[in-house]
Amino acid sequence: MLRVLALSFLTALLFAQGTTSRIVGLITDPTGAAVPNAKVKLTNELTNVSFESISSASGNYQFESLQIGTYRIEVEASGFKKFVARENQLTVGEPLTINIPMQLGTVSDAVEVTAAAELVQ
């Protein structure tokens, strides 16, 4: 009986791992200071499903429980160029940290990066 309960518990833990992960990061200005209240948009490049968030007072943002896949991240903040990073590959068990270095300018200007995510283990 105890063996059956242990097996059931382990099976439940495996399924809890699921097929999701997360993307987190820090948004900074050219001096390295945090950029609060930046609009962050994350889009699954295959399904085109998008999520939006706002950076915290300390410049941090996070997206939890994301399906694995390739994501595009776009960041906009007043007084800065729009930042776009494409082809960020998210896999199960390997959360992505994508730190965003904003550049001074207008939102109509854009800085595009392809596959520049830092993997954190």
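Where a number appears in this text, it was derived from the coordinates with a stated rule and is not lab data. As the structure is a computational prediction, the values presented were derived from the model and not from experiment. Glycine also receives a Cβ, built like all others from the backbone with ideal geometry; neighbour counts cover every protein chain displayed.
Per-structure values
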{"quantity": "Sequence ranges 68-81, 35-48, ranked by mean other-Cβ count within 10 angstrom, highest first", "calculated": "68-81, 35-48"}
{"quantity": "Karplus-derived 3J(HN,Hα), 6.51/-1.76/1.60, for each residue of region 75-88, Hz, glycine and proline x", "calculated": "10, 10, 8, 4, x, 10, 5, 5, 10, 10, 10, 10, 6, 8"}
{"quantity": "E87/Q62 FRET efficiency (R0 22 Å; Cβ-Cβ; nearest 0.05)", "calculated": "0.65"}
{"quantity": "T70 long-range amide H proximity, modeled H, under 5 Å", "calculated": "E45, L46, L90"}
{"quantity": "Gained length - T28 relative to E45, 0.36 nm times residue gap less alpha-carbon distance", "calculated": "3.6 nm"}
{"quantity": "In nm, spacing of pseudo-spin labels at E76 and V113 (7 Å Cα→C-beta vector)", "calculated": "2.0"}
{"quantity": "From the C-alpha gyration tensor of region 21-105, square roots of 5λ in Å", "calculated": "22, 13, 10"}
